[in-house]
Amino acid sequence: MAILSAPLAAQYRHYRCFRLLLWQVAALSFLLALTATSGDLVFQPVGDRSGNSSKKSLVATIKGQIILGGLFPVHDKGEKMCGRINLDRGIERLEAMLYTIDEINANGKILPGIRLGASVLDTCGRAPYALEQSLEFIRASFTSLDPTEFVCTDGSEAKPKSAPTTVVGVVGGSYSTVSIQVANLLRLFKIPQISYASTSASLSDKQRYDYFIRTVPPDTLQAKALVDIVQEFNWTYVSIVHSEGEYGESGIDFFKHEAKAKNICIAASKEISLRATNATYDDVIKELLDKPEARVVIVFVRSEDATGLLNAASRKGLAGKFVWVASDGWGNRLAPVKNNPLVAQGAITLELQSTAISGFENYFLNLNPRSNHRNPWFVEYWEEEHKCTWNGVSVPTSPAEVNFLTRRRACKGNERINRKITSQENKVQFIYDAVYAFAHALHDMQQDVCVGGKGLCTAMTNIDGETLLRNYLLNVSFNGK
């Protein structure tokens, strides 16, 4: 039998330890492949929003003893990776989560002696990018599955350069396509997930998405409401347009089923691709024009597609041509109608009933880049909102923006966030409810397992996701604002 020298033996032991770490990484890649069920999922290395893998992903954080993860569409979906900052739904939704955690931490009656923290990531409205970002949430869970795998044969431990953040649950995502892919990943590590906006009926399948819950109703109810509207106006011949993906497809399928039962005929049915361009929207408008008798158009699309559709109608000068009846993907958002007031006139849109959080309104309107350091995207939001550059430096998101940026004035820092058509983003309440659901569930757990019901006891230092979900989250109740 060959005898290794001491230096070679040490190298061999470290080699074996290194191989164990490589196995962990390979297993992560395999799990990602299992969750990648959509043809749109082409994985890039995790990096900044431009796809540069040499930069660490940005994260909004609140330090705490128990950490909640968050997923928000801070940026719009771009052609290849991430697009412009999402003024309508990105920053305000993210800040709603941070505000709610602040409020909980200031309340001595909820989780006494425990500070709740946050680790919030940008999804860019893309399932593959969101899935990559979500690796940050499961890295700690993965490495803790079997600690003995990290002990080398010489008795030393393989320690990471920085400890991954352990999250007990995730608030998000926004789009149903994002939530479905993330749910497939989180369930493998028993991490509960509460969405504040994903309404796809598919997510109601508890066999497939057993760690997913939400604070919003499924699309089946929206589809019924759309049919009721059509019936109320005695419209019997309509066209329909929906976005590719779970949100648009499941919603419009249920609408068709209900419409058939109510003798409503479908003149044209058009799907908008996830990779839609101006030409795509122009083609949709052309097909709608081919059915001139069907002036009513049922629109079950994402906000970006609603904007593209109305832009295309404006290019054709089709003011007053169609009556749009749209789901909450359009809802009361400014973006679709901002540059298209004439073609959008007379539209009927659905919006989920929600209550404005009064404390958040004061909080959000008084945010300032000088003091808001925990949100790494806030300066970018401020620049876009006020059309200025912070500290004389701004990074263009596209070549066409370079010349525009040179004409921007310098931000003074005393600009105000002005409300436009709506007073508060409509999903703020549902984010507020999701964070409070986690907080109350954790509080109930604390009262059960910690002696005296105060502080972070040993029993809560490594919280089991299944116990948190089954015994507490699914049984939680509280009075909201």
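The values are calculated or read from the model by the stated rules, or taken from the named source; none is laboratory data. The structure displayed is predicted, hence computed values, not measured ones. Neighbour counts are summed over all protein chains in view; Cβ atoms, including those assigned to glycine, are modelled from backbone coordinates with ideal geometry.
Against the test of being modelled with pLDDT of 95 or more and touching a Pro at 6+ places or on another chain (Cβ under 8 Å), the options L310, L289 yield a single qualifying residue, L310. Exactly one residue out of D76, D88 is at pLDDT below 90, touching a Ser or Thr at 6+ places or on another chain (Cβ under 8 Å) and either of a type in the set (D, E, K, R) or closer than 24 Å to A356 by Cβ (or both): that is D88.
Can you find a residue that is under 20 Å from the mean Cα position of the chain (by Cα) and polar (S, T, N, Q) anywhere in the stretch 324-337? If you could, list the steps in order and put the result at the bottom.
Here is the first cut: in the stretch 324-337, the residues under 20 Å from the mean Cα position of the chain (by Cα) are 327-336.
From what is left, the residues that are polar (S, T, N, Q) are 327, 332.
Taking every residue of the stretch 324-337 in turn, at least one turns out to be under 20 Å from the mean Cα position of the chain (by Cα) and polar (S, T, N, Q).
For the residues E287, E361, the requirement of being surrounded by fewer than 19 Cβ atoms within 10 Å (Cβ to Cβ), closer than 23 Å to I85 by Cβ, out of contact with any helix residue (DSSP H, G or I) (no Cβ under 8 Å at 6 or more places or on another chain) and touching a residue at least 12 places away in the same chain (Cβ under 8 Å) singles out E361.
Just to be sure before I move on: is S243 among the hydroxyl-bearing types (S, T, Y), touching a residue at least 24 places away in the same chain (Cβ under 8 Å), surrounded by 23 or more Cβ atoms within 10 Å (Cβ to Cβ) and under 22 Å from V74 (Cα atoms) in the structure I sent?
Working: among the hydroxyl-bearing types (S, T, Y): yes; touching a residue at least 24 places away in the same chain (Cβ under 8 Å): yes; surrounded by 23 or more Cβ atoms within 10 Å (Cβ to Cβ): yes; under 22 Å from V74 (Cα atoms): yes.
Considered against the rule, which asks whether it is among the hydroxyl-bearing types (S, T, Y), touching a residue at least 24 places away in the same chain (Cβ under 8 Å), surrounded by 23 or more Cβ atoms within 10 Å (Cβ to Cβ) and under 22 Å from V74 (Cα atoms), S243 comes out as yes.
Scanning the stretch 184-202 for residues being free of Cβ contacts under 8 Å to residues at least 60 places away in the same chain, in contact with a strand residue (DSSP E or B) (Cβ under 9 Å, 6 or more places away or on another chain) and either among the hydroxyl-bearing types (S, T, Y) or surrounded by 24 or more Cβ atoms within 10 Å (Cβ to Cβ) (or both) gives a total of 3.
Do we have Q446 as more than 30 Å from E92 (Cβ to Cβ) and crowded, with 22+ Cβ neighbours inside 10 Å here? So Q446 passes the test.
If I filter the stretch 271-289 for residues that are closer than 19 Å to I348 by Cβ and hydroxyl-bearing (S, T, Y), do I get at least one hit? No, the stretch 271-289 has no match at all.
None of E293, E287 is among the acidic types (D, E), outside any loop (DSSP other than H, G, I, E, B) and not assigned by TED's automatic domain parsing to the domain that holds D102 except E287.
Filtering the stretch 91-105 for residues that are part of a loop (DSSP other than H, G, I, E, B), touching a residue at least 60 places away in the same chain (Cβ under 8 Å) and either of a type in the set (A, V, I, L, M, F, W, C) or crowded, with 18+ Cβ neighbours inside 10 Å (or both) leaves an empty set. The set of residues from the stretch 287-308 being within 28 Å of S176 (Cβ to Cβ) and either more than 23 Å from the chain's Cα centre (by Cα) or among the β-branched types (V, I, T) (or both) comprises E287, L288, A294, V296, V297, I298, V299, V301, T307. Cβ-Cβ contacts under 7 Å between residues 6 or more apart (or on different chains), taken from a first residue in the stretch 429-453 that is free of Cβ contacts under 8 Å to residues at least 12 places away in the same chain to a second residue that is crowded, with 19+ Cβ neighbours inside 10 Å, are listed as V449/M460; C450/M460. When you scan the stretch 263-279, do you find a residue that is at positive phi and surrounded by fewer than 17 Cβ atoms within 10 Å (Cβ to Cβ), even just one? Taking every residue of the stretch 263-279 in turn, at least one turns out to be at positive phi and surrounded by fewer than 17 Cβ atoms within 10 Å (Cβ to Cβ).
Helices (runs of 4 or more DSSP H) wholly in the stretch 371-457 with at least 2 residues that are more than 28 Å from L71 (Cβ to Cβ) and at pLDDT below 85 - which ones?
Working: elements: 378-386, 401-406, 428-449.
The helices (runs of 4 or more DSSP H) meeting that bar are 401-406.
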